[in-house]
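The structure appears right after this line, and notes come after that.
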Amino acid sequence: MDIEQLVHHFSEQLFADLAPDDYAGRMVRRRQAIDHMELGFAGDAAAFAADEQFVNDDSTSPIEWMRHDCKMSFGTAVDRLTVGEQLLRLPKSADALAAGEIGFAHMSVMARTLSVLAKETPDARLDEAELLEKAKTSTPGRLWHYCIRLRHALNAEAVAMEQRFAAAERWLRLTSLEDGSVSITGRVDSIGGAALRTAVEPLARRTGQGDDRCLERRMGDALVELATLALDSGRLPHVATQRPHLQVTTTLETLRGLAGSPAADMEFAQPIATPTVQRLACDAAISRVIFGPDSTVIDAGRARRVVSGSMRRALNARDQNCQWPGCERPATWSAAHHLVHWTQGGNTDLSNLILLCHRHHWLVHEGGWKLVRAKDDRLLAIPPTYAYSPPARAPDETAVA
C-alpha cells in the first residue's frame, strides 16, 4: 500500500472546499485531522501494550518498540501510550476532540493528570465533564496549570514532593569555547525558572534610542548585567576573605591606550583590550603594583576607589538614572562614567561624570559610540563611524556547535 498516495488523496478531499491560499483554514483542518489520527494511534498503542505484542520483536517495552519501529522520541511515545490507557475514562473528551472542540494536546494533559492521580491518590474521583469544560476554554498550558491546582487540592504532599524532585534536578554547565566565549546550558525547575525570569526580564527591556536588539540578544545581555549587579552589590559570599569581584591586571600603557601595549589579563577570561580595561577602570578600585627587573614585587599600593563613596552618592542624587538619551535605568543599576577618561587627563569630579547603565557604558567604550554635550547641555549619542552590523537574531545552537 502506497502511504504517500493515500495521504495525498486524503488531503485533496480534506481541502476540497477551501481556497488554495486559505492557509489558516488548511492549518486548522489539517490539525484536526492529525488529532484524529493521534487519538487512533494512542488507542492502538494501549492495545498493543496490553497484548504484549512488542515481545515478539525482542523489545523490552512498548515504548522501546515505538521509539524504533514508529520512529518516535521517548517522551512522545510515553505521551501517546498514556492517552490510550486513559481513553476509557475520557469518553466525552474523545467525542469533543472528534468534534474539533479540543485538541489532542488537551487530551494529553487530562490523561497525564488521571495517570498521576491513579498512582498518588488512587481513591480520588475526577469529574470529566468539569475538566472538559475547562479544556474547551483553555490552552493546553493553562489546562495543565488548572490540573496541578486540582491535584494539589486532592493531595498537596504529592505536588510538594514533585516540586522537590524538580529542584533537585537543577544543573548548569559553562563551557569555554575556542574564542574565549562561554556556552551556557542547563535546566532549572519551574520555581527556579520563575525567579530567574523575574530577575532577568526587567533588564532585558529595550533601553533608549537605537536599541534594535532581538529578544535573545537582550536576554543574553541581561544575564551578564545581572551578574555584574550582583558583584557590585557586595552581597555575594566572600571567597578567601574577599568579596567576589572582576580582577584585571594591566600595564599603565594598556590602561592609557598607548600604541604597542599588551592586552590586559582578567581572571576566567581571555586577555582583554584597552576599551574594556578603561570601562572597568571608570568606576573601580585601583591598586598599584611595581615590579622589578626580575618580576619581583617592589611595591604594592593600597586599593583606592576611583569614584569615592561621597562623590558617587552626589552623582546618584544629581543624575538619578542612566543619562543615555531615552534610558531610564536607575542609579543603582548604573556605573559612573568619565566623559573624558581619567587616564586621558579627565578629572574625577561631577562636571566630568555621568551615570550609564551596563549596556550603554559598554557602547561608549567597546561599542565605539560617543557622548557629547550640546549647547543646551543635552547629551547626544553619536554612533560609530565604522561599519558594524550585529546579527539580527541570536545564532542557532547547531550553528554554535
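Only the coordinates and a few stated rules stand behind these numbers; no lab work does. These numbers were taken from a predicted model, which means no experiment stands behind them. Note that each Cβ is placed from the backbone with ideal geometry, even for glycine, and that neighbours are counted across all protein chains shown.
Maximal additional length on extending the residue 265-residue 36 stretch stands at 76.3 nm, based on 0.36 nm per residue less the C-alpha distance. Ranking of 127, 349 by neighbouring Cβ atoms within 10 Å, starting from the fewest: 127, 349. How many percent of Cα pairs in the range 250-294 exceed 15 Å? Cα-Cα pairs in the range 250-294 separated by more than 15 Å: 46 percent.
Ellipticity at 222 nm from helices only: DSSP H runs of n ≥ 4 in the chain, each -39500 (n - 2.57), divided by the residue count, give -14500 deg cm²/dmol.
For the range 110-190, what's the relative contact order in percent, using C-alpha pairs closer than 8 Å and at least 6 residues apart? Relative contact order of the range 110-190: 21 percent.
The packing ranking of peptides 15-24, 321-330, 365-374, highest mean first, is 321-330, 365-374, 15-24, where packing means the average number of other beta carbon atoms within 10 angstrom of each residue. Each eigenvalue of the Cα gyration tensor of the range 242-382, multiplied by 5 and square-rooted, gives one semi-axis; in descending order these are 28, 17, 14 Å.
Check cross-link reach from residue 134 to the lysines: straight Cα distance under 19 Å, and skip same-chain residues fewer than eight apart. Here the lysines satisfying the reach criterion relative to residue 134 are 92.
Tell me, what is the percent relative contact order of the chain, built from C-alpha pairs under 8 Å that lie six or more residues apart? Contact order relative to length: 8 percent. Kirkwood radius, the range 3-167, all distinct C-alpha pairs, inverse of mean reciprocal distance: 17.7 Å.
Seen from every direction in turn and averaged, the convex hull around the alpha carbons of the chain projects onto 32.4 nm². Taking every full run of DSSP H in the chain, the ones that stretch at least 27 Å from end to end by Cα along their long axis and average -0.5 or higher on the Kyte-Doolittle scale are 23-50. Taking the centroid of alpha carbons for each part, the range 272-287 and the range 54-94 are 59 Å apart.
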